[in-house]
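Input: a single structure, listed below in structure tokens.
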Amino acid sequence: MRQKLIEEIKKQGKPYGLYFEDIQGGFTLTQRSMPQAFQVLPVLVWRVYPDGRPDELVRGIDIVGTPLAAMNRILLTGDKTDVFNGICGAESGQVPVAAAAPAMLFSEIEVQKRAHSLNRPPILPAPVDDVAGSIKNAGAK
């Protein structure tokens, strides 16, 4: 799927593409009296370059759009289905939900800057496995 993304970036002549690794949820507007729209809240987004440069972490963007327009831009789907578990806000309260879908490659997707990006990069790097094991074992004595 990654190679197909890079091929599509080159085909469109774009400087980079976006790879959405994980999401935390989102919402949809589906009432008849309102425009049909959705917003997805990504957690991990990477800028992928077609020239082989390392991927760059992108912060503070959301996926937005209208369902029909987005579905018409699916170029490819993966073979493996992943499951997302979340909470849906309904008139009766918060309801647990699950959705299952494969990875998807879109020819185009709308994104917007998040109003207030609360996600900040970590201050310290992640611990190394052997250091974490030493710290964990020291506390067990």
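Quick notes on this structure:
- Since only Gln94, Pro15, Phe38 are under comparison, the one whose Cα sits farthest along the positive direction of the charge dipole of region 1-102, derived from C-beta charges on Lys, Arg, Asp and Glu, is Pro15.
- For the chain, a crude dipole built from +1 on the beta carbon of Lys and Arg and -1 on the beta carbon of Asp and Glu, taken about the Cα centre, is about 240 debye to the nearest 20.
- Gaussian network model of the chain, Cα within-10 Å springs - most flexible of Met71, Met104, Met34: Met34
- Cα gyration tensor category, rounded, prolate or oblate, for region 32-73 with a/c compared to 1.5: oblate
- Shape call, region 1-85: gyration tensor on alpha carbons, a/c limit 1.5: prolate
- Exposure of Tyr19 as accessible area (Å², to 10), given a probe of 1.4 Å and all protein chains: 110
- Using a probe of 1.4 Å, the accessible surface attributed to Glu108 totals some 100 Å² when neighbouring protein chains are kept in position.
- Remark: accessible surface ordering of Val95, Val83, Val64 (largest first) is Val83, Val95, Val64, probe radius 1.4 Å.
- As a calculated quantity, the FRET efficiency between Val58 and Gln3 at R0 = 25 Å, using C-beta atoms, amounts to about 0.80.
- Solvent-accessible area per residue in region 30-88 equals 66 Å², computed with a 1.4 angstrom probe and all protein chains kept.
- In degrees, nearest ten, helix 2-12 long axis to first principal axis of the chain (Cα): 50
- 0 to 90° range, to nearest 10: angle between helix 129-139 axis and the chain longest Cα axis: 60
The values are calculated or read from the model by the stated rules, or taken from the named source; none is laboratory data. Everything quoted here is computed from the prediction, not taken from an experiment. Heads up, the Cβs are rebuilt from the backbone with ideal geometry, glycines too, and the neighbour counts pull from every protein chain shown. These area figures cover heavy atoms from the full protein model, side chains too; ligands, DNA and RNA do not enter into them. Shrake-Rupley method; radii C 1.70, N 1.55, O 1.52, S 1.80 Å.
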